[in-house]
Every structure is written in structure tokens, then in C-alpha cells.
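To start, the structure under review is shown below, and the notes come after it.
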Amino acid sequence: MNSMLKLNWVKDARMRTLLCAAVVGMSAPFYFTPLDGEFRLSLGVLVMGTLVLAWNKEHAFEFCALSGCFTIGVRIFLDLMFGHSLLSSLQDHTATLAFYLVYGGMCSVLLVKSDSTVKLFLKLAFADMIGNITESLFRVELSPNILIAIGTAGIFRALLSVAFSEVFAAHRLYVLQSERQLRYDRICLLLSQVRVENFYLQKTTTEIDRIMRLSFALYDANRDKPEVREQALEISRSIHEVGKDTRRVRQGLEAMISGVEQQRMTLSEIIRILSENTPHMLEPFQGKLTVTFDVTTDFYVGQCYGLLAVLNNLITNALDACNGSGHVEITARSENELATFTVRDNGSGIDPELLPYIFNPGFTTKFDSETGHASTGIGLNHVQNLVQHLGGTINIESECGSYTLFTITIPISSLSQQTYKI
């Protein structure tokens, strides 16, 4: 079944038709005989009907003709393996090709994209019956009993073919929706990071303006000192150019994300994005590291990208703190118009002497074991600034070698604001 589903990803129509025909040929040797005699019902026809509906409607005749060739080839090969002569095998199976040609011709004429499920069933059953009647005429085996078997087989195979094709269609839709959802989640996480960086660019722009004013004031205060005056003016000019470039970058970021970002999400959607983003981070740990989410509240969040960035950063830090094994738990509660989020891990914990400095810019306890290089140390400072910018507070509890717990409290009214702060 999986191999047939993967055929959906073969983009070249001719190659897909050829591969599908080969699948039909390989399944053709499996059959049963409902009546005494030579009349046989092949599994290959069931597979062929399913694949016609699933991927080959536009090339039905070519596909069925190729399927007939593969089927005859496989059956002749098996006959030769069991000691039959080539001539007798050709005589026995040549009439089979008539069925596949008639079946394919009927499908190419009757089947259209807009057909309902019932119409597909009726048309496929009709094509199956006419094809089998043609083959029986070539074999000179037509009788009332055989006609009954042909009718029963046509209905049965058409019913199963339509059912299987509907399953494949549902699977394709599920895969497409899953891929779209995954891309959407990644875009949301990316946008949350871009929003944060844009927030810090805004702070940098404000600082640049302040420095420019100070340098110009220094220039103005030293007009009688040419050397100091010229240096202050050059600093003012340089920082002004840096400010222009920073504003240009901010404008570019705003223009880039304004057309694709979603203005509001529910808290449950934010948690879903985070929960579906964590499995790929856990894959290297082979089940030794787990993450759970416990959410008992839900509301619309206007500041969705800021909250996404905060929680994603804390989850990433918690996973790092576990050193490859342990558990991380994220909770979300609401009470008295306040939303409370916690991120707890049972990792290495933090030395009590370091706790007062944990949110300081540049502070870090993370070092690359191979290079000895420290991390940038701006993550938790980012988180604290973002939380405070949203009108909230963040606290940390930790016991060295036992656990670390971050608790964030933010007014729901602040989170629900539609106008972005970040």
C-alpha cells in the first residue's frame, strides 16, 4: 500500500503511468476462479481500476494497454518457469490483452474529472463487464453462468477500486494539509523571531538617535575648539548614517512580514505550534528527553509573535539544561485576568550564586565543549525584555542538580491587544 501511495510523488506523467502499469502486472498472477472452467478474476484488474481513478484518468487507455502488456509478460514468464511452452502460453494469454484494451478504451471515453463517486463506480463496473465479455468472446467461453460471474466481478471490483481511490485521495489531502500546516507553523515561529529582532532594532534606533543628539551637543558646545568640534561632527554624521541604515532594515522587515503574518491567534493555537515544533528537537535523544504541555485556558492573543518567541526561547533553554535526558513541562493558566505560564525542567539547575545575574545582557553558563566558545548570552535577556514590554513579570526558581522553573505572568488584556507592541 505504501509503495502505491508514493507513486503520487512521481511528477512525470509517463513515468507514473509506466510504474503503475508495472504494479498491475506484478499483481496480475493473483486471481481466483468463481466457476469451474477457465474464467478467472485477476487481482490486477482491481489494482488497475484503483490506479486509473487515483492517478491515470487522463492517460487511461495508455495505462491499461501497458498494464495488459506487463500482465501478459509476467504470466508468460511464470508459465515458462513451470515448464509450459511459449506457443501455448501465448495462445492462452493473448485474449487477455483484449480485456485491457477494451477496459482502457471505455475508461478513457467514460471517465471525467467531475464525476461523482456513484458515477465513477457505475462507469468502472460497466468498463469491467464489457472488457470481460470481450475476452470471453475471444476465448469462446460465454455462457449465462459466466455472464453472472462477469457482472458480479465487475460490481465487486469497481466498488473496491472506487473505495481504495477515495482512501488515496483522502491520504493525499491529509498529506497536503499536514505539509501546509507544518509550513505555517514554521513561518509563525520565524515571524516571532523576526518580530523580536525588529523590536531590538527599534530599541537600537532609539539609542542611535540619543547618541547622535549627544554628539551634536558636544559639537555645539565646542565650536571654539576646532579639533573636538570636527571629531564630534564626524561622529554625529557617522551615527546618522548608521541610523538611516537601521531604519531601512526595519522598514524592509516590516514590509516583508506585514503581508504574511496572522494578526491574532488563540492561545491553544500558539501551544499547538510549539508542541508540533518540539518533536524534531527531541529526535536525537531517542526518547530520553520528553516534553508535555498542560493548558487549562484559552483566549485570543494579539501579541501572538511576542508570546511565541518568549515560550519558544524558554523551551529551547530547558531542553539544553536537561543534557540529553529528562522532562520539560509547559503549563498555561489564567486567573483574575492574569495569564500565567510556567516552563519547568528537571535538568542541571542553576547555581544559587548565579541566579541574580541570569537575566543580565551577555551573561551565560553555556560553553561549547569542543571550542570553548561561550554562547551570546542574550536569550534570557531577550525574554525578560519581551515579557516586561508586554506588561508582565518573569521569575525563576532553581535548585542546582534538581530543577529550574520559569514563571511568567502577563495581563490577559495586554496579550489580547490587537495593535502590536513587538
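The values are calculated or read from the model by the stated rules, or taken from the named source; none is laboratory data. The model shown is predicted, which means the values in this text are computed figures rather than measured ones. Every residue, glycine among them, receives a Cβ derived from its backbone with ideal geometry; neighbour counts consider all protein chains shown.
Looking across region 157-196, just one residue is in contact with a strand residue (DSSP E or B) (Cβ under 9 Å, 6 or more places away or on another chain) and either within 30 Å of LYS119 (Cβ to Cβ) or among the aromatic types (Phe, Trp, Tyr) (or both), and that is ARG157. For region 95-147, residues that are acidic (Asp, Glu) and assigned to a helix (DSSP H, G or I) total 2.
Results for (1) buried (at least 20 other Cβ atoms within 10 Å of the Cβ); (2) over 20 Å from the mean Cα position of the chain (by Cα); (3) part of a helix (DSSP H, G or I), shown as yes or no for each residue.
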position: ILE271; (1), (2), (3): yes, no, yes
position: GLU276; (1), (2), (3): no, no, yes
position: PRO284; (1), (2), (3): no, no, yes
position: PHE293; (1), (2), (3): no, yes, no
position: LEU311; (1), (2), (3): yes, yes, yes
position: THR316; (1), (2), (3): no, yes, yes
position: LEU319; (1), (2), (3): yes, yes, yes
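Here is the figure for region 209-235: residues that are over 18 Å from ASP245 (Cα atoms) and surrounded by fewer than 16 Cβ atoms within 10 Å (Cβ to Cβ) total 12.
There is no residue in region 191-199 that is at pLDDT 80 or above and crowded, with 16+ Cβ neighbours inside 10 Å.
If you go through region 51-69 and pick out every residue that is modelled with pLDDT of 85 or more and surrounded by fewer than 21 Cβ atoms within 10 Å (Cβ to Cβ), you end up with 4. Listed by first and then second residue, the pairs with beta-carbon distance under 6 Å, at least 6 apart or on different chains, first residue in region 106-126 and in contact (Cβ under 8 Å) with a residue 60 or more places away in the chain, second crowded, with 18+ Cβ neighbours inside 10 Å, are LEU120/VAL162; LEU124/GLY49; LEU124/ALA158; LEU124/SER161.
Residues that are in the same structural domain as ALA158 (by TED's automatic domain parsing), among the aromatic types (Phe, Trp, Tyr) and farther than 25 Å from GLU166 by Cβ occur in region 73-93; there is at least one.
Within the set VAL162, VAL167, the sole residue that is in contact with a Phe, Trp or Tyr (Cβ under 7 Å, 6 or more places away or on another chain), in a helix (DSSP H, G or I), modelled with pLDDT of 75 or more and within 30 Å of LEU43 (Cβ to Cβ) turns out to be VAL162. Checking each residue in region 149-206 for being polar (S, T, N, Q), more than 21 Å from the chain's Cα centre (by Cα) and assigned by TED's automatic domain parsing to the domain that holds ASP245 picks out ASN198, GLN202, THR204, THR205, THR206. When SER108 is tested against the conditions (1) farther than 25 Å from LEU142 by Cα; (2) of a type outside the set (A, V, I, L, M); (3) exposed (fewer than 14 other Cβ atoms within 10 Å of the Cβ); (4) in contact with a helix residue (DSSP H, G or I) (Cβ under 9 Å, 6 or more places away or on another chain), the lone failure is (3). Filtering region 212-238 to residues that are touching a helix residue (DSSP H, G or I) at 6+ places or on another chain (Cβ under 7 Å) and polar (S, T, N, Q) leaves SER215, ASN222, SER236.
Listed by first and then second residue, the pairs linking a residue in region 40-64 that is touching a residue at least 24 places away in the same chain (Cβ under 8 Å) to a residue that is surrounded by fewer than 24 Cβ atoms within 10 Å (Cβ to Cβ) and outside any helix (DSSP H, G or I), with Cβ atoms under 7 Å apart and 6 or more places separating them unless they lie on different chains, are LEU41/TYR31; LEU41/PHE32; LEU41/PRO34; SER42/TYR31; LYS57/LEU111; LYS57/LYS113; ALA60/LEU111.
Per-residue answers, yes or no, for (1) farther than 23 Å from LEU390 by Cβ; (2) of a type in the set (S, T, N, Q):
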site	(1), (2)
ARG272	no, no
GLY306	no, no
LEU319	yes, no
SER334	no, yes
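Cβ-Cβ distances below 9 Å connect the following pairs, each with a first residue in region 17-31 that is within 19 Å of SER108 (Cα to Cα) and free of Cβ contacts under 8 Å to residues at least 60 places away in the same chain, a second residue that is among the polar types (S, T, N, Q) and buried (at least 19 other Cβ atoms within 10 Å of the Cβ), and a separation of six or more residues or different chains: THR17/ASN56; CYS20/ASN56; CYS20/SER67; ALA21/ASN56; ALA21/SER67; ALA21/THR71; VAL24/SER67; VAL24/THR71.
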